[in-house]
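These notes concern the structure reproduced below.
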Amino acid sequence: FIYTLIFAVLQMSTATSTSAGFGFSTAKSTSDAVSEAVASATEKLGSGAPSIAFISSTVTRDVEEVRTEFVKALPNGTPIHGITSSGAVLTCSGRKSSGVGCLVVKSDDGAFATAYDFEDGNKAAASLKEKMPSPQAIFMGATPGAEEGVIEILSKEFPSVPVFGGTAADDDLSGAWKVMSSETSSGTGISLVGIGDSVKFGASMLGPYIPTNNIVKATKTEGPTTSP
């Protein structure tokens with residue numbers, strides 16, 4: 001659901017297991033929506049607290065309020081990686097306008113490491129390097145225009161380590177997008193999640209669109225807009 005990327009956490013390579021749960025809500029009250037999403041997600045984990053929470057929201061809500069409510073609703077100390085979405089939160093059952101959503105994952109200690117900086121990709125990468133020197137993969141959240149620079153930094157700090165993730169968005173390219181952590185949110189933020197070797201995982205792209213017979217060939221672009 002986050003950045004149209006479904007992050008599938010599979011069986012761990014050790015004798016223990018990784019479990020995951022997903023929840024979303026479109027309740028009008030942000031507090032109610034977050035509580036509903038977290039309750040739905042965490043009930044799928046069984047006992048124990050999540051190792052990490054991936055969260056998302058539309059910018060029609062107060063994003064800092066969304067972040068704060070997630071911190072309150074999740075077990076104390078749960079790391080958060082989050083970005084805003086454009087227009088709707090995407091789920092396997094379609095788009096949810098004005099929605100909030102979360103994916104929580106429970107695994108062994110040390111399976112995930114998080115790093116965040118208000119605006120500096122180098123600082124975020126250095127922080128992640130200190131916490132997890134050799135991740136098998138990195139999950140990234142950045143803002144429009146900053147993505148390639150962050151990827152370049154990560155390729156130098158973590159050579160040959162694959163990077164997944166996406167870009168924070170808003171409804172009208174006004175710059176209302178935000179990247180979130182458990183401590184803060186920022187319109188220029190960089191959030192990184194290192195994934196340890198104990199976790200087997202896969203990723204696939206999922207678009208919330210229904211195929212039609214209409215076909216067009218794009219011949220030019222103007223900014224993010226394509227024209228036939």
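Atom-type composition of the exposed protein surface of the chain places 51 percent of the accessible area on carbon and sulfur (1.4 angstrom probe). Compute the label zone of SER174 within segment 88-126: residues whose backbone N is under 17 Å from the point 7 Å along Cα-to-Cβ. Residues passing the 17 Å test: 88, 98-99.
Matching the structure-derived percent of Cα pairs over 23 Å apart against the labelled list [x] 57; [y] 63; [z] 47 gives the label [z].
Here the relative contact order of segment 143-225, from alpha carbon pairs under 8 Å that lie six or more residues apart, stands at 20 percent. These residues, VAL216, VAL150, go from largest to smallest accessible area, 1.4 Å probe, as VAL216, VAL150. Measuring gaps between exposed loop sites in the chain (trypsin sites (Lys or Arg not before Pro); DSSP loop; at most 16 other Cβ atoms within 10 Å), the longest gap, sites not included, is 45-199. The equivalent ellipsoid of segment 108-228 has semi-axes of 30, 19, 14 Å, largest first, where each one is the square root of 5 times an eigenvalue of the Cα gyration tensor.
Once the piece of chain linking LYS131 and ASP109 is laid out straight, how much longer is it, given 0.36 nm per residue of separation minus the C-alpha distance between them?
Going from the current span to full extension adds 6.7 nm.
Extension gain, ALA39 to GLU148: 0.36 nm times the residue separation minus the Cα-Cα distance gives 35.7 nm. The mean sequence distance of close C-alpha pairs (under 8 Å, at least 6 residues apart), as a share of the length of segment 97-179, puts its relative contact order at 26 percent.
So what is the relative contact order for the chain, in percent, with contacts set as C-alpha pairs under 8 Å and at least six apart?
Averaging sequence separation for qualifying contacts and normalising by length gives 27 percent for the chain.
Compare SER25, SER198, SER57 in a GNM of the chain, Cα atoms joined below 10 Å, and give the one with the largest fluctuation. For the chain, modelled as a Gaussian network with Cα springs under 10 Å, the answer is SER198.
Modelled spin labels at ASN213 and SER160, positioned 7 Å past Cα toward Cβ, are 5.1 nm from each other. Helices meeting the span-like rule in the chain (full DSSP H runs, Cα extent of at least 20 Å along the helix axis, mean Kyte-Doolittle score of -0.5 or higher) are absent.
The values are calculated or read from the model by the stated rules, or taken from the named source; none is laboratory data. Note that the coordinates shown come from a computational prediction; the quantities given were computed from them, not determined experimentally. Positions of Cβ are generated from backbone atoms using ideal geometry, with glycine treated the same way; all protein chains shown enter the neighbour counts. Surface accessibility is based on the protein's heavy atoms, side chains included, excluding ligands, DNA and RNA. Shrake-Rupley method; radii C 1.70, N 1.55, O 1.52, S 1.80 Å.
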